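What follows is calculated from the coordinates using simple rules that are stated; it is not laboratory data. Since the model is a prediction, treat every value here as computed from it, not as a measurement. With ideal geometry, Cβ positions are generated from the backbone for all residues, glycine too; neighbour counts draw on all protein chains shown.
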Amino acid sequence: MKINRRRFNTGVLVAMLVVMLVWMILPLALALLWAMVDPDYTWSYPDVFPQKLSFRRWPMLWETTTLKQSMINSYSLGAAVTVMTLLLAMPTAYAFGRIEFKGKNVARLLTLLPMVLPGFVVAIFFSSLLISIGVYSRFLGIMIGHCIVLLPFAIRILSVSFSQVRQDLIDAAKDLGAGWFGVVRHAYLPTIKSGIFATLIVVLIRSVEEFSLAFIIGSPDFTTVPTILFQYLGYAYIRTNAAVISLILAGPSIILMVLLERRLELANPAAEVGKG
Amino acid sequence: MSTLSVEAVSVRFGDFYAIRDVSIDVHQGEFVTLLGPSGCGKTTLLKAISGFHVPDTGTIHIDGVDVTTVPPERRNTTMCFQSYALFPHLNVAENIVFGLRQQRMDGNTRNEILDQVVRQVDLGTQLKKTPNQLSGGQQQRVALARALAMRSGIILFDEPLSNLDAKLREQVRFEMLELQKEHGFTAIYVTHDQSEALAMSDRIFVMDQGNVIQRGTPWEIYQDPVNSFVAEFIGTANTFDARVLDSTAAGRYRITTAMGELTVASPTPPKAERIKVCWRPEAARLTEASGEDNTFSATVGLAVFQGNLTDILIHENEHGNDLHHRSYRLQIFQHTNLSRGDEITFRIAPEEIRFLEAVQ
């Protein structure tokens, strides 16, 4: 009976792993394959594999598109959005995590609203709103847009972090004469730093990958990596080029996700709580 | 070493008074205990003294200076937390000198103090460890060392021993007392453990429902409880509803209770005709003679041998006027092997019976 159950568990685990591998690895592998199709040889039915593999498409795209500028745009936007979102989310997250007040649940629900609105709908009206309030800078426009859309994530993650801060440590720090800075550094920061790190990465990745706001507010001349990707989808569909851009887009995100995962493991707050 | 004076302090949470109109005076170098059941307001009072709660009314003076609204970081008090509240990311030494660092004390003086307190609490080999590598008892020592290092005039203890096992608790109890006498700080100690309070305190403030209901030395509190709550909370007591029959001589009264008729010798007269009385289990003495006053015969309901004494429970259901079923407790220090069902005769000296509050 015991052995059967164990076997069953192992079976389920293996099955899950296979599904996950197919789900995650296969598309990535296909994208890699498509990105390596040589421009002089096509890959079409009935070939199972491309006739010739090469990286020639990559420098070609780098030279013929605004990829370089788009990457600069995407990542500088991402960095600005991340810092702004973090700063804006902190006070709200603090309130949700540490203060009891009337209507807290309603307030929490309201801050989550931007998550459920379809990106394009927000984008279309938001771009006209930006012009009517006199924000003509594309960079600033997209940045504000991203902040609004990504704030729910940041608030959500950070309020959990704030709620895990131990009140007795805050009290002890104050009691031992610590000022504002000392309390933040020794009572808050050790607990919330993993939340801050998670927020930074989630917001950065989502901002870099965001399409609808960047496309509508940025078009026609302000391009980000996802808007370049769009050029190769839809009407002028070039799968090979799209594959290259998606890999360029996904690469850093995957690295960041792995970093985040390791970081969260290392900074597991449960390991720090101690007794009492 | 400081004096503390709390005058008519109330702390309110919404409509609920956590403490109401509480006044206490603590002398220099005194060890006082705020004793009471959970929810009696003792921790709230401690937090008002340390500055975490600003009183709604009343004032708090430390060494004659009004500190009612001074924040905790600028008060000459240090708190020893029930949870120890050690910083998990700092090692033992860093935890102990945390407060000194906040004061920007120079490194040499800091290390001197560190060396001294570490020696006193016997933590020499643990300095580089982090709190979660320590046992509960060791964490408690670090918390104590951190408070001692601050050299505050008043150290506030919020049930500091409640997370330790019984044996360790007793040991640390004595160590803390020694340290307190040595350093001479004024100690305000919150606990719900009456034995801790009796063992450690110069004076005890018994609290209930946000008020101080009795203050005095452990001896006074134990010997002369003001009401049945205090009598039953500190130590064990057999309390009875009684009716005062008459006074036979100056300071001697005859009363009738569920046990039967009793003679009470009390310097203070009863407050009412229908009154609560109590006597401690250890006041009972086995006796041969049955003619004396306050002598009763009973059947042992339960006998628990404790070594130095025998705890006896007597189920009373036939004596007296009140017929509700209850039992009372005797602690017999005489060497007698007693067991369930034995017939015993015991006497309670009239001086051992106390008048408490009037029956409502």
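So for chain B, what are the equivalent ellipsoid semi-axes in whole Å, largest first, each being the square root of 5 times an eigenvalue of the Cα gyration tensor?
For chain B, the ellipsoid semi-axes come out as 46, 25, 16 Å.
Under the definition of partner shielding as Cβ atoms of other protein chains within 10 Å of a residue Cβ, what is the mean value for peptide B:150-159? Mind dumping the intermediate values first?
Details: counts 3, 0, 3, 0, 0, 0, 1, 0, 2, 0.
Neighbouring Cβ atoms belonging to other protein chains average 1 per residue here.
Arrange the following residues from fewest to most other Cβ atoms within 10 Å of their Cβ: A:62, B:279, A:34.
Arranged by neighbour count, lowest to highest, A:62, B:279, A:34 become A:62, A:34, B:279.
Mind checking which of B:22, A:136, A:205 is farthest towards the positive end of the protein assembly as shown's charge dipole, using Cβ charges of +1 (Lys, Arg) and -1 (Asp, Glu) about the Cα centre?
It is A:136.
Mind giving me the nanometre distance, one decimal, between the label points for residue A:9 and residue A:56, set 7 Å out from Cα along Cα→Cβ?
5.4 nm
What is the distance in Å between the Cα centroid of region B:33-106 and that of region A:97-160?
Centre-to-centre (Cα) distance: 41 Å.
Can you tell me the length gained on complete extension of the stretch residue B:105 to residue B:266, counting 0.36 nm per residue apart and subtracting the Cα distance?
Here the answer is 52.1 nm.
Quick one: putting +1 on the C-beta of Lys and Arg, -1 on the C-beta of Asp and Glu, what dipole do you get for region B:206-360 around its Cα centre, in Debye to the nearest 20?
The calculated dipole for region B:206-360 is roughly 260 debye.
Run the helix sum for the protein assembly as shown: -39,500 (n - 2.57) per DSSP H stretch of 4+ residues, divided by residue count, reported at 222 nm to the nearest 500 deg cm²/dmol.
-14500 deg cm²/dmol
Could you tell me how many cubic angstrom of Cα convex hull volume the protein assembly as shown has per residue?
With only Cα atoms used, the protein assembly as shown gives 281 Å³ per residue.
Using a Gaussian network for chain A with springs between C-alpha atoms less than 10 Å apart, which of these wobbles most: A:89, A:236, A:187?
Fluctuation is largest for A:236.
So how far apart, in nm, are the two label points at residue A:106 and residue B:217 if each is 7 Å from Cα heading toward Cβ?
6.1 nm
Helix A:2-35 against the longest principal axis of chain A: what's the angle in degrees, Cα atoms only, rounded to the nearest 10?
Its long axis makes an angle of about 50 degrees.
Under a straight-distance cross-link criterion of Cα-Cα below 18 Å, which lysines are reachable from residue A:174, leaving out those fewer than 8 residues away in the same chain?
B:47
If packing is taken as the mean number of other Cβ atoms within 10 Å per residue, what is the order of A:212-221, B:91-100, highest first?
Descending packing order for the listed peptides: B:91-100, A:212-221.
Check cross-link reach from residue B:271 to the aspartates and glutamates: straight Cα distance under 17 Å, and skip same-chain residues fewer than eight apart.
B:224, B:241, B:246, B:357
Please report B:239, B:248 as a ranked list, fewest other C-beta atoms within 10 angstrom at the top and most at the bottom.
B:248, B:239
Could you compute the FRET efficiency for residue A:75 and residue A:32, with r as their C-beta to C-beta distance and R0 at 30 Å, rounded to 0.05?
0.85
Would you look at the GNM of chain B, springs on alpha carbons closer than 10 Å, and say which of B:264, B:65, B:26 moves the most?
Fluctuation is largest for B:65.
Could you work out the relative contact order of region B:158-306, using alpha carbon pairs under 8 angstrom and six or more residues apart, expressed as a whole percent?
Values: 160 pairs, mean separation 20.1, N = 149.
Averaging sequence separation for qualifying contacts and normalising by length gives 14 percent for region B:158-306.
From the residues B:48, B:137, B:210, which one has its Cα farthest along the dipole of region B:4-231 in the positive direction, the dipole being from +1 and -1 charges on Cβ of Lys/Arg and Asp/Glu about the Cα centre?
B:137
Given Cβ point charges of +1 (Lys, Arg) and -1 (Asp, Glu) and nothing else, what value in debye, to the nearest 20, does the dipole of the protein assembly as shown about its Cα centre take?
2920 debye
Among A:127, B:247, what is the fewest-to-most ranking by other Cβ atoms within 10 Å?
Least crowded to most crowded, the residues run B:247, A:127.
Each label point is 7 Å from the Cα along the Cα-to-Cβ direction; what then is the distance between the points at residue B:38 and residue B:302, in nm?
Once both label points are built, they end up 2.3 nm from each other.
Could you name the aspartates and glutamates in cross-link range of residue B:129, using Cα to Cα under 15 Å and dropping any fewer than eight places away on the same chain?
Leaving aside aspartates and glutamates fewer than 8 places away in the same chain, those within reach of residue B:129 are A:272, B:94.
Quote the relative contact order of region A:66-272 in percent (integer), defining contacts as alpha-carbon pairs under 8 Å separated by 6+ residues.
It comes to 31 percent, rounded to a whole number.
Over chain B, calculate the relative contact order: mean separation of alpha carbon pairs under 8 Å at least 6 apart, over the residue count, as a percent.
Values: 758 pairs, mean separation 56.9, N = 360.
Rounded, it is 16 percent for chain B.
I want to verify a result. In a Gaussian network model of chain A, Cα cutoff 10 Å, which of these has the top mean-square fluctuation: A:126, A:211, A:101?
Checking each option, the largest mean-square fluctuation is seen for A:101.
Which of the trypsin sites (Lys or Arg not before Pro) found in region A:67-134 are loop residues per DSSP with 11 or fewer other Cβ atoms within 10 Å of their Cβ?
Qualifying residues, ordered by number: A:102.
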